[in-house]
1. Starting with the fewest neighbours, write out Phe134, Phe111, Phe76 ranked by other beta-carbon atoms found within 10 Å of each beta-carbon.
2. Give me the compactness ratio for region 45-159, meaning the Cα radius of gyration over 2.2 N^0.38 Å.
3. Along the Cα-to-Cβ line of Ser94, 7 Å from the Cα, sits a label point; which residues in region 124-151 have backbone N less than 11 Å from it?
4. Across region 124-135, in residue order, what do the Karplus-derived ³J(HN,Hα) couplings come to in whole Hz, using 6.51 cos²θ - 1.76 cosθ + 1.60 with θ = phi - 60° and x for Gly and Pro?
5. Using each residue's phi in region 98-104, evaluate 6.51 cos²θ - 1.76 cosθ + 1.60 at θ = phi - 60° and report the 3J(HN,Hα) Karplus result to the nearest Hz, with x for Gly and Pro.
6. Give me the extension gain from Ala86 to Trp102: residue separation times 0.36 nm, minus the current Cα-Cα distance, reported in nm with one decimal.
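Nothing in this text is a laboratory measurement; each read-out follows from the coordinates by a stated rule. Bear in mind that the values here come from a model prediction, so they are computed numbers and not experimental data. Counting neighbours? That spans all protein chains shown, and the Cβs are built from the backbone with ideal geometry, glycine included.
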Amino acid sequence: MKLWGALGVLLLFFTATETTAAPLYIKETIEPTEVERDSGILVPMRDLRMQDGLIEPKEPEPEPSVYYYGACRITFYCSCSQCCGAWAGGPTASGATPTAGWTVANGSLPFGTKVIIDGHTYCVEDRGVSANQFDIFVDSHDEALARGLYYSDVYIVEG
């Protein structure tokens, strides 16, 4: 195995003139990104692990299971008083800070449940809607109004 790069490599260079040679030391940190296996195949470092001083392939992580939840009502909300009332600007019901593109409200799934809506993964971090509705957090009230209301298939990610 050849390691393409090393952590904290000390390189030694010589500068040559007509009469003298003076060493020039350069310390360079290189983060390894690939390893060449005996077969000559380059393997990304993220797919390897160190075991007893040897670099070996990592065990593949299990693929998450995805289950169909149903066709649900999809709406959008922001942190303004029109959308959140007395809770405007505060944390979600789970205590998390709402994040556009991540936070979704649902009335029945446990906090932390990952769901896929229209190919995008969200996390249930808020309440305030029914079991068959998902209210997706967005950055502004204008965006919430513009995205409107529709129905879409929702999937639960487990694992």
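1. Numbers: Phe134 24, Phe111 15, Phe76 21.
Starting with the residue having the fewest Cβ neighbours, the order is Phe111, Phe76, Phe134.
2. 1.34
3. 124-127
4. Karplus values, whole Hz, x for Gly and Pro: 6, 10, 9, 10, x, 9, 6, 5, 9, 10, 10, 10.
5. Here the 3J(HN,Hα) series is x, 10, 4, x, 9, 7, 9 Hz.
6. Numbers: separation 16, 0.36 × 16 = 5.76 nm, distance 2.22 nm.
Fully extending the segment from Ala86 to Trp102 adds 3.5 nm.
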